[in-house]
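No lab work stands behind these numbers, since they all come straight from the coordinates. Being a predicted model, the structure only gives us computed values, none of them experimental. Reconstructed Cβ throughout: ideal geometry from the backbone, glycine too, with neighbour counts over all protein chains shown.
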Amino acid sequence: MVALSVSAVSYALVQSMVNPGLEALRGHVHTTQLGVSWVLTAFLLSSAVLTPVLGRLGDQVGKRRILIAVLLLLTAGSLVAALATSLPVLVVGRLLQGAGGATLPLAFGIVRDLLPTARVGTTVGLIAAVSSVGGAIGVLVTGPIIDGLGVPWLFWLPAIANGIMVLAVLLTVPDTGTTAAGGRMNWPAGFLLAATLILLLLPLSLGQEWGWGSARTLGLFAAAVAAAAAWVAVETHSRFPLIDMRVFRMRPVWTANLASFLFGVTLYSAFGFIPSFLQTPAGTGYGLGESITAAGLLFLPATATQFLGGLAAGPLARRVPTKTLLVAGSVPTVAGFLLLAVLHGSAWQVALGTAVASVGFGIGLSALSVVVVHAVPAEHTGAATGMNANIRTIGGAVGAAVVATVLASRTTTGGFPDEGGYTAVFVLLAAAAAAGLLACLLIPAKADPGPQAEEATADERVPELVDRPRPF
């Protein structure tokens, strides 16, 4: 399972390392602030589109085979980005890297196929915990890498690591075969899902630049709604759906997806804007004036608490209901952001607040994954966990858009938001975490595998969905 954990870390690193180094990348490829935003947007769009599709392909043709292909794409994307000296080439590299979003769902599916129920929750929790720490480490190491090695090494190092991971998976991860009961890939549904996500995420990512009330922004949102309706219609009437709508309607799944959306709002927003807050010049009256490296190091306590929270989630889920674990884990996240809203005038206060909030991040990422894995039939594991990850990503995009809008509305003549803007964002994130707590209350207690599953095998855990005739 070490190879699966480190594979998930590889993606988390390329996801998180770029954001703190965005200004350095802008200078490296000689582009504008708007231009460099495509480095993030391209990665987000690619990951959102490819994650559920590759997860479903894993169910159909073999998760190990698709995981190797994903790691090869991640390696190729890192190489292209490392060699890039212009924005278009860098964007191509980031598009290829986005395929790595499928590593976590594929890893979860492999765990479910190989292990008995008694070990699935703990192992899924461990992989999720290690992955979340990979994201935090990315924030930590960006500054030292840029200062010591140069901007291209933000991609050279992941390329080397991913190449090693391909060999590790080939040598240590057994083939699990396929779990989908026949059928074919539903490419029309895949196209409509891709269109829906692109039409939704583009205005969320660029609406601040375009204007939230502009015809372009509103038109894309309207087109996203139309594409989503068409996608649901195709999936509902398809004999071989990409994402079975009956799985989406299962209460453990839709409640876990709702909680994951709110989890994404808080997690990705926090790791996106707090480094900028720490680097705000002291001349503003509230800024701490930290360097990129120092700002990253201040996340070290949060990295530790996030890892410990995620590591504990798997074993705890076997002793207490996952619902109880999620609700309890949401409390420190709410408390951490409320603490930051009140105390953020020194580095240790920010480190303390993020460390407290990150306990809940670690528990949430691990435990929500366990809920989905245990709730769905084996042949839907890759697609269902892929969509869960996607919904978390969409939550992050929504959260980032809201944060950017709030801070932009409070920007002073010096070009930096005032302190009240940051305080408002901390309060908003506390409110989102509280909403996530309420969403966790909706998760049914029977979402847990229960004591009777202790000796069950992977094939015995979840009953099949009863099939019904479909037109095609």
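Computed over region 186-241, the convex hull of the alpha-carbon atoms projects to a mean area of 3.4 nm². In plain terms, the residue of 16, 37, 260 with the fewest other Cβ atoms within 10 Å comes first and the most crowded comes last, giving 37, 16, 260. Span-like helix check, the chain: qualifying full DSSP H segments, with Cα axial length of 24 Å or more and mean Kyte-Doolittle of -1.0 or more, are 33-61, 63-83, 117-148, 153-172, 187-210, 215-237, 251-278, 300-317, 322-342, 347-375, 381-409, 419-441.
The ratio of the alpha-carbon radius of gyration of region 345-398 to the globular-protein estimate 2.2 N^0.38 Å is 1.53. Taking the fewest neighbouring Cβ atoms within 10 Å as the starting point, the ordered list for 86, 330 is 86, 330. Which value in Å is the Kirkwood Rh of region 315-437 over different Cα pairs? For region 315-437, the Kirkwood estimate is 16.1 Å. Taking a sphere under 15 Å around the Cβ of residue 35 and counting the other residues whose Cβ falls inside, with K and R at +1 and D and E at -1, yields a net charge of 0. For the chain, what is the mean residue ellipticity at 222 nm derived from helices alone (per DSSP H run of n ≥ 4: -39500 (n - 2.57); sum divided by total residues; nearest 500 deg cm²/dmol)? Computed mean residue ellipticity for the chain: -25500 deg cm²/dmol.
Legend: ranking of residues 422, 11, 286 from fewest to most surrounding C-beta atoms inside 10 Å; resulting order 286, 422, 11.
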